[in-house]
Amino acid sequence: AQAIGDPDDLELYDVKTISVVFLERIARPAECVDLRDREEQLNCLNSWISRYLAKNLKYPRIDREMRVEEKIYIEFVINEFGEVETAKALRARSEGLAQEAERVMKMLPTFIPASQQNKPVKMRMVVPVNFKLQ
């Protein structure tokens, strides 16, 4: 038996994080599981995330009262187990909107993990989150 920390075991601990554009199979929700084509997987994921955001985002009261609208980009990583590991707002003017977008992205359900050469990997992706008042 190998000891923990054995150099032959290192690949277990050094899981690569790969941008979504370079992945063979992207992380995806269960409804997108049967899609083999990468483009279809990505379209399914984007559509799923849009519906998820529409259902779960809550407009912060102060931003709503001040009529603040903004498109915030959230960079997030889905780990090798299909769970959101990090979610961070990029270039946001409103702290309240940024925090809400991060909160909702961190609550994503567990996905089928991304894979590269049939090994699970971490997937990095950036999505726009639109805060627009009706």
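Residues in segment 14-37 that are farther than 9 Å from Met123 by Cα and either of a type in the set (S, T, N, Q) or open to solvent by 60 Å² or more (accessible area, probe 1.4 Å) (or both): how many?
Here the count works out to 9.
Quick one: in segment 47-62, of everything that is touching a residue at least 12 places away in the same chain (Cβ under 8 Å) and exposed (fewer than 13 other Cβ atoms within 10 Å of the Cβ), which residue is nearest to the chain's Cα centre (by Cα)?
Filtering segment 47-62 down to residues touching a residue at least 12 places away in the same chain (Cβ under 8 Å) leaves 48-49, 52-53, 56-60, 62.
With exposed (fewer than 13 other Cβ atoms within 10 Å of the Cβ) added as a condition, the list becomes 58, 62.
Numbers: Lys58: 18, Ile62: 27 Å.
Result: Lys58.
Taking only segment 13-61 into account, find how many residues are under 19 Å from Val77 (Cα atoms), charged (D, E, K, R), out of contact with any strand residue (DSSP E or B) (no Cβ under 7 Å at 6 or more places or on another chain) and outside any helix (DSSP H, G or I).
1
Any idea which of (1) among the charged types (D, E, K, R); (2) in contact with a helix residue (DSSP H, G or I) (Cβ under 9 Å, 6 or more places away or on another chain); (3) touching a residue at least 60 places away in the same chain (Cβ under 8 Å) is the one Glu40 doesn't satisfy?
All conditions are met except number (3).
The values are calculated or read from the model by the stated rules, or taken from the named source; none is laboratory data. Just so it is clear, the model here is predicted, and its values are computed rather than measured. For neighbour counting, all protein chains shown are included, and Cβ atoms are generated from backbone atoms with ideal geometry for every residue, glycine included. Surface accessibility is based on the protein's heavy atoms, side chains included, excluding ligands, DNA and RNA. Shrake-Rupley method; radii C 1.70, N 1.55, O 1.52, S 1.80 Å.
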